[in-house]
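To start, the structure under review is shown below, and the notes come after it.
The values are calculated or read from the model by the stated rules, or taken from the named source; none is laboratory data. Every value quoted in this text rests on a predicted model; they were computed, and no experiment measured them. Cβ: placed from backbone, ideal geometry, glycine included. Neighbour counts: every protein chain shown.
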Amino acid sequence: MDRRVTSRWLFDTSVYVAVLRDEAFAREFRPRYLRDIPHTHFSSVVAQELLAGARTPRHERQAGALYEPFERARRFVTPSHRVWKETGTLLAALARKQPRLRSKLARGFLNDVLIALSARGIGAAVVTRNGEDFRLIQQFRTFGLDVI
């Protein structure tokens, strides 16, 4: 993605999970994260996914270490009522257009749509390692996307 297109970023859960689980990725990603952090927002959907995946108190602390700085800086993005409605409309359109994907709709895809539309609402691009799902969403709504 051309960095001039957006000055705001919203990292998807897949990026944070990779940082926590893959030391090599974390080292490689760190310079970009430090460069982009002043222009990065954190999705409350991502916070929910990180906390839901925390299996130990240590995992909960790690998740908190990721989102708490954004809470303090008030750079959190929470889906609005409009985003929830638009998400429902998009999911219905996707189910009609591609019925074979109905099982995908039941497995976390809702969260990806909420993240994408929330990012779009603040003019941010989504940074993800999950290009497939977000490119599918782009078939229905335009938003910035950077697959890493």
Handout entry: First in the range 87-105 and in a helix (DSSP H, G or I), second anywhere and of a type in the set (D, E, K, R) and modelled with pLDDT of 90 or more, Cβ under 7 Å, 6 or more apart
Key = Leu90/Arg141
Problem - Matching entry among Arg61, Arg30 (being in a helix (DSSP H, G or I), free of Cβ contacts under 8 Å to residues at least 12 places away in the same chain and more than 23 Å from Leu145 (Cα to Cα)) - result: Arg61
Handout entry: Every residue from the range 41-54 that is closer than 11 Å to Phe76 by Cβ and surrounded by fewer than 18 Cβ atoms within 10 Å (Cβ to Cβ)
Key = Ser44
Problem - Residues (free of Cβ contacts under 8 Å to residues at least 24 places away in the same chain and of a type in the set (Phe, Trp, Tyr)) located in the range 33-58 - result: Tyr33
Exercise for the section: State yes or no: is Val127 closer than 19 Å to Val15 by Cβ, touching a helix residue (DSSP H, G or I) at 6+ places or on another chain (Cβ under 7 Å) and not in a helix (DSSP H, G or I)? Expected result: yes
Fill in the blank from the handout: If you go through Phe70, Phe134, Phe76, Phe143, the only one that is among the hydrophobic types (A, V, I, L, M, F, W, C), in contact with a Lys or Arg (Cβ under 8 Å, 6 or more places away or on another chain) and within 22 Å of Tyr33 (Cα to Cα) is Phe143
Handout entry: Counted residues, the range 26-72 - those being of a type in the set (A, V, I, L, M, F, W, C) and farther than 21 Å from Leu114 by Cβ
Key = 5
Exercise for the section: Might you check whether a residue that is among the aromatic types (Phe, Trp, Tyr) and either surrounded by fewer than 19 Cβ atoms within 10 Å (Cβ to Cβ) or more than 17 Å from Ser7 (Cα to Cα) (or both) occurs anywhere in the range 140-147? Expected result: yes
Completion exercise
Reported set for the range 75-124 where residues are under 20 Å from Ser14 (Cβ atoms), of a type in the set (Gly, Ala, Ser) and either modelled with pLDDT of 95 or more or touching a Gly at 6+ places or on another chain (Cβ under 9 Å) (or both) is Ala116, Ser118, Ala119, Ala124
Handout entry: Those residues of the range 130-142 which are assigned to a helix (DSSP H, G or I) and over 13 Å from Val113 (Cβ atoms), in sequence order
Key = Gly131, Glu132
Exercise for the section: For the range 2-13, indicate whether the set of residues that are surrounded by 17 or more Cβ atoms within 10 Å (Cβ to Cβ), of a type in the set (A, V, I, L, M, F, W, C), in a helix (DSSP H, G or I) and in contact (Cβ under 8 Å) with a residue 24 or more places away in the chain is non-empty. Expected result: no
